[in-house]
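See structure below.
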Amino acid sequence: MKNVIIYCFLLLLCAAYSLKAQNKTIDSLNRVLKISKQDTSYVITLNRLGAVYVDMGIYDSAIQVESRAIKLAGKLSYSKGLIRAYGNLGLGKLSLGSYSEALRIFNQVLNLSEKAKNYELISVAHNGIGNVFFSQGNYDEAQKHFLISLEIDSKHGLKRDAAKSYQSLGNCLAVLGKFPEAIKNLLLAYKIYEKEKDKIGMAEISSNLGNIYNEQGDSDAALAQFSSALKMGKELSNAVIINAANTGLGYVYYSTGDFEKANVYFLENLRAAEQAGNKGGIASSLSNIGSTYKEFGKYDLALDYFTRSIKVAEEIGDVSCLGSAYYNSGIARLNLNQAAEGKKMMQKALNIGKSSGELSLVEICYSGMSTADTILGNYKEALNNYKLAVLYGDSLINKENTKKTVQLQMQYEFDKKQTADSLKVAEERAVNDAKFKQEQTQRYALYGGLALVLAFSVFIYNRFKVTQKQKQIIESQKLAVEEQKHLVEEKHKEITDSINYAERIQRSFLATKEMLDSNLNDYFVLFKPKDVVSGDFYWASLLSNENFILATADSTGHGVPGAIMSLLNITSLENAVEQGATEPAIILDRTRRTIIERLKKDGSSDGGKDGMDCSLCMYDFNRLILYVASAHNPVWIVRPVSMQQNESPHVENFEIIEVKADKMPVGKHDRQDIPFTLHEIKLQKGDVVYTLTDGYPDQFGGAKGKKFLTKNLREILAVNSHRSMADQKDLLEKTLGNWIGDLEQVDDITIIGVRV
């Protein structure tokens, strides 16, 4: 629901004319555009039209119009029109949550305005830049630009701009917890609006004050301010002000737990936004309504509203609304037993929270993802996400404590100043009336002073008790978190120990170094599981015909499920060999039958479709013949062709013989009754035989985050096949590390090279 406050603060900056007047203005401006030549007057008309669209909250239309204005103004070298177009474009991008783009545009406005010495637009640019930083949570930078804007307004007599600067600065101070200063600046803005008879500005300030009072827990004062804003909005027929006031009222009731009343205002907002065609308002209202239904426990209904909100927010690019809607959609899905989909939604919200710097959103997303992973059985990921949630939670607690300390200090200073001012007034009054009622005035002054001291003492004691209570709550929460953290760490240790033990068991099934050294003269094995245990495996055996057989395989899945599947696959291969099979194709046929029979008992309706992709190579080193049967995984044989002395090797210097794989797995499949193909290849001395799984070519990485691809791997192997096997393995590992960079390994990786 935090997006509701931000929505109120920022949306109100753009409010202007009444809805009826705006619609008439749009029609009028469009008629002018139809009959006008494309000159500077045409740019001015486009600027006016874009400004009206911004005022109405129809930001996509504003962006389209001002993009046309920028193009034409640039063509005509019309600097003033260009600057105003960029200004309106920046407001549109800002309101849609495109903060980096908005910041770039406002900086462009600033540069152009400074060159033109247009102080009004310089002020607008600084105000826009400040609002971008405000939206990103960088309040110190925001405050700096608001103060610069205010200084320019005051120096050059820009009253209406000064009111906007006071207003922006007040909202920024409020977020920093400096409520007395915030209220002071907002009231200065209100006085200017009142003097200028600007009821829209007055209504905006009422909503801003409503936000501050609600932040302080004074719901009655907040309701009064929002009600005042709503009344003025209805008098003006201004949909934007009505929408902001209704949102504020809804949020006050939501904060106090009165979700039914909150929903009434959110539904009213939705109707108004739909009538006005305000897609930003529609997206925000849908998300807020979903939040109330979530509190009622009506998760299916809540999910429907969050989904609709996401659709509209994605359509207009409203990033701030998307973050809240994605997260809430994820929570609703968790409660509807849709853990996997819920985690996906929270991952999207997490990405938005990180890019916008909203720590509270990041913390709750990690916490929600930890819950989802626990439900899904991803205990390692659950622990990692839980730790990250605790980390961000600690950051928030520190930030909140700092904010409250500043708030208490500011409140104390404000009250002390008020006390001093009251005493000064009492003293002056006593001097003026000394001739007539000296004794009586002194008595009243004494009583007044004692009353102030007593009131101040009560206030200090009350603040002390509040601070003490907050400290106790934080300490109890910290103890609970530490206890939960300890339990999770113990569970994590148990799981880690079990997985490490499973890895030792799995490794005992793989081809041993002794077995490979005894049967191969020159070879390498690159074996990199994604997790501790692996779905990939390599297995070898000496057959009854004294030929050596080597399997390179990728079982269904990775991690623990993949490792279990690999043990079934290995034992099935061993069983086929023990039954006397000496031909790779027959071995794979028998292995497939065994796997299918065993998985019929897995409890699924169709009998389990798991198995493996595998290349099975049988070497007859006496006759230099290679026999291959392969399921999905190819086998490459690289043979040197011609290369001059001192010539750098190229792929043209090598012949690459690819043994095509059968397009079916070793497992249940619609082609499971078709025998595997046996390939017979005559080898030559110096040939290098490569077998592999799909992990290496499918790995994402590089500058654009794309797959490495099979053709690139094949070329690397071919060009470097003349090197020693140890050098080839080292090169493959370095290439993979550089390619992955900061990304994660996505699958198990296995490559085996054998030189004949």
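The values are calculated or read from the model by the stated rules, or taken from the named source; none is laboratory data. Since this is a predicted model, take the numbers as computed values, not measurements. So basically every Cβ, Gly included, is an ideal-geometry build from the backbone, and we count neighbours across all protein chains shown. SASA here: full protein model, heavy atoms, side chains in, ligands and nucleic acids out. Shrake-Rupley method; radii C 1.70, N 1.55, O 1.52, S 1.80 Å.
Before moving on, here are some points about what is shown:
- Rounded FRET efficiency, nearest 0.05, which uses the C-beta distance separating LEU731 from THR256 and R0 of 60 Å: 0.35
- With both labels modelled 7 Å from their Cα along Cα-to-Cβ, the LYS513 to GLU652 distance reads 4.2 nm.
- With a 1.4 Å probe rolled over the protein heavy atoms of all chains, the accessible area of PHE509, PHE621, PHE226 falls in the order PHE621, PHE509, PHE226, largest first.
- For ARG160, the accessible surface of its heavy atoms amounts to roughly 120 Å² (probe 1.4 Å, protein chains only, rounded to the nearest 10).
- Taking 7 Å steps out from each Cα toward its Cβ at LYS144 and LYS24 produces label points 4.6 nm apart.
- Packing-based order for 36-46, 337-347, using average beta carbon neighbours within 10 Å, highest first: 337-347, 36-46
- Once the C-beta distance of GLN484 and LYS37 is scaled by a Förster radius of 51 Å, the resulting FRET efficiency is 0.10 to the nearest 0.05.
- Cross-link partners of LYS34 among lysines, defined as those whose alpha carbon lies under 27 angstrom from its own and excluding same-chain residues fewer than eight positions apart: LYS20, LYS24, LYS71, LYS75, LYS80, LYS93, LYS279.
- The apolar share of the surface of the range 118-200, taken as the fraction of accessible area on carbon and sulfur atoms (1.4 Å probe, ligands and nucleic acids excluded), comes to 53 percent.
- By the Stokes-Einstein formula, at 0.890 mPa s and 25 °C, the range 165-228 with its Kirkwood radius over alpha-carbon pairs has D equal to 216 µm²/s.
- Options SER518, ALA551, ALA581, ranked by Cα towards positive dipole end of the range 510-590, top entry (Cβ charges): ALA551
- Loop trypsin sites (Lys or Arg not before Pro), the range 179-208 (other Cβ atoms within 10 Å of the site Cβ: 15 or fewer; DSSP): LYS197
- Anchor LYS601: lysines whose Cα lies under 24 Å away (excluding residues fewer than 8 positions away in-chain): LYS609, LYS668
- Ordering of 323-335, 557-569 by packing [mean C-beta count within 10 Å, highest first]: 323-335, 557-569
- Residue among SER61, LEU82, PHE106 farthest towards the positive dipole end of the range 49-106, charges placed on Cβ: LEU82
- If you take all other residues with their beta carbon under 14 Å from the beta carbon of LEU249, and give Lys and Arg +1 and Asp and Glu -1, the sum is -1.
- Charged side chains reduced to their Cβ positions (Lys and Arg at +1, Asp and Glu at -1) give the range 530-614 a dipole of some 240 debye around its Cα centre.
- Net charge of Cβ neighbours under 15 Å - reference LYS354; Lys, Arg +1; Asp, Glu -1: -2
- Among ILE352, SER367, ILE316 the positive-end extreme of the charge dipole of the range 282-379 (Cβ point charges): SER367
- A straight chain from TYR501 to LYS115 at 0.36 nm per residue would run longer than the Cα-Cα distance by 131.9 nm.
- For the range 254-332, the Cβ-based charge dipole about the Cα centre amounts to some 20 debye (Lys, Arg positive; Asp, Glu negative; other atoms uncharged).
- Modelled spin-label separation between LEU376 and ALA221, with each label point placed 7 Å from Cα along the Cα-to-Cβ direction: 4.6 nm.
- Ranked by solvent-accessible area (1.4 Å probe, protein heavy atoms only, all chains present), the residues THR677, THR256 order from largest to smallest as THR256, THR677.
- As a calculated quantity, the FRET efficiency between HIS156 and ARG723 at R0 = 56 Å, using C-beta atoms, amounts to about 0.15.
- A viscosity of 1.306 mPa s and a temperature of 10 °C, combined with the Kirkwood radius over Cα pairs in Stokes-Einstein, give a translational diffusion coefficient for the range 682-756 of 121 µm²/s.
- Projected onto their three principal axes, the Cα atoms of the range 35-185 cover extents of 53, 31, 23 Å, largest first.
- Measuring against 18 Å, Cα to Cα, the residue pairs LYS528/LYS729; LYS311/LYS354; LYS707/LYS734 contain LYS311/LYS354 as the ones spanning a longer distance.
- Proximal aspartates and glutamates relative to LYS155, as straight alpha-carbon distance under 16 Å, when same-chain residues fewer than 8 apart are discounted: GLU114, GLU120
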